[in-house]
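First up is the structure itself, then whatever we jot down about it.
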Amino acid sequence: MSVLLLRLAGPLQSWGSAARFTRRTTENAPTKSGVVGLLAAAQGRRRDADLSDLAALEFGVRVDQPGTRLRDFHTAHHSDTLKAMPLSERFYLADAVFVAGVSGEDRLVQRLYEALLEPVFLPYLGRRSCPPSRPVTIAEPLDAQLEDALREAPWEASPWYRKKHDTDFRRQGRPTPGEVRLNLLLESPPGTVPDMTLRDLPVSFDPRHRRYGLRGLRSTEARVPTAGGRLPSPPPPSHEPTALLTPVASRTD
C-alpha cells in the first residue's frame, strides 16, 4: 500500500457535502468526494466513469491553515431564455491550506501521482472558480501508513500565517513552541463508532444522477514541528496550472 500526499492551497476553496439549491455551503476541510473528483479529473475520467477504485482509497486530511469563511452572492441568467435565476449564496474558505492524503494499491497511487503532474483536466479546490495557488503534489508516493504520513508531513502553512503564529505567542509573553497542534480528520475503522459522519463518499458524478454515500470520521490531533520534518520539503517549483495544456491550433476560415 502506498500513500500520496496532496497540498491543497489557494485563495479560495469550497468543499460542499450538503449544498442544495440556492445555498451552497462548504465544510471546514476538504471532502473525500471533492478530492476524488480532483484525482479523477487529473486522470481525464468523464463524469459518468466508474469511481469504485478511487472511492475505495483510504482518505485523511490535516488542517495546516484553517482559513476564514467567506460568503458571496451569485446571480445568473438562463442561457436560452435570459431569465434571471434565483439569487444564491456561495460559501468559501479564504487563505486555507490543507494536507490531504489517499492510501491504496501501489500501482493506482503511482498513476494518480503521474496524472497530477500532467493533468488532463485542470485541478480545482472544490469548485471551478477555485484553482490551486501552489503545486498539488508534495512528494512521490510513500511506503507508509496514511495516519503516520499525515503526522510526519512538514507544516505547509503560508509564511504570513507562520509569522502570525509566532507573533501571537510573543504578545502573550510565551516562548514560541517548536511544534504546532493541527486538526487531523481520518476515516473511522469499520465496526467503530465515528465522531461524525459526512455524506461525501462518491458513488457517481454523473450530472443526471449524482450519488454520495455516508462516511464515518474520527477527529484527532497531530503535533508537527514548526520547522523541518521527516519528509523532504524542497522549494516549490514555478506553478502555472495551464503550462502543460496543448494549445489549440488556430483555425482559418
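The values are calculated or read from the model by the stated rules, or taken from the named source; none is laboratory data. The model shown is predicted, which means the values in this text are computed figures rather than measured ones. Reconstructed Cβ throughout: ideal geometry from the backbone, glycine too, with neighbour counts over all protein chains shown. Keep in mind that these areas ignore ligands, DNA and RNA; they rest on the heavy atoms of the full protein, side chains included. Shrake-Rupley method; radii C 1.70, N 1.55, O 1.52, S 1.80 Å.
Accessible surface of segment 44-128, 1.4 Å probe: 51 percent of it comes from carbon and sulfur atoms. Beta bridges per DSSP, both residues in the chain: antiparallel share near 95 percent. Once the Cβ-Cβ distance of Arg111 and Arg23 is raised to the sixth power relative to R0 = 30 Å, the FRET efficiency obtained is 0.25.
Which one of Leu82, Leu214, Leu150 has the biggest mean-square fluctuation once the chain is modelled by GNM with Cα springs under 10 Å? Its mean-square fluctuation being the largest, the pick is Leu82.
Of the residues Arg223, Arg174, Arg24, the one that moves most in a GNM of the chain with alpha-carbon contacts below 10 Å is Arg174. Computed from Cα atoms alone, the Kirkwood hydrodynamic radius reported for segment 116-219 is 17.8 Å.
Relative to the current alpha-carbon distance between Thr220 and Arg71, full extension at 0.36 nm per residue lengthens the span by 50.8 nm.
Given +1 at the Cβ of Lys and Arg, -1 at the Cβ of Asp and Glu and no other charges, the dipole of the chain around its Cα centre is 1020 debye to the nearest 20. Equivalent ellipsoid of segment 100-149: semi-axes from √(5λ) of the C-alpha gyration tensor, largest first, are 22, 13, 9 Å. Relative contact order for the chain: 27 percent, from Cα pairs under 8 Å spaced at least 6 residues apart, divided by residue count. Binning all Cα-Cα separations of segment 142-194 at 5 Å, short to long from zero, yields these whole-percent fractions: 4, 14, 19, 17, 15, 12, 9, 7, 3, 0. Mean silhouette area of the chain, derived from the convex hull of its C-alpha atoms and averaged over all directions, reads 17.4 nm². Compared with the dominant principal axis of the Cα atoms in the chain, helix 159-171 is inclined by about 40°. For segment 113-193, a simple Cβ point-charge model (Lys and Arg +1, Asp and Glu -1, everything else neutral) yields a dipole of about 820 debye relative to the Cα centre. By the Kirkwood approach, averaging reciprocal distances over each pair of separate Cα atoms, segment 1-98 gets a hydrodynamic radius of 15.5 Å. Per q in 0.12, 0.18, 0.29 Å⁻¹, report the Debye log10 I(q)/I(0) for segment 10-64, using one uniform scatterer on each alpha carbon and no solvent. Summing over Cα pairs of segment 10-64 leads to -0.33, -0.73, -1.20.
Applying the criteria of a DSSP loop state and at most 12 other Cβ atoms within 10 Å to the trypsin sites (Lys or Arg not before Pro) of segment 163-206 yields no site.
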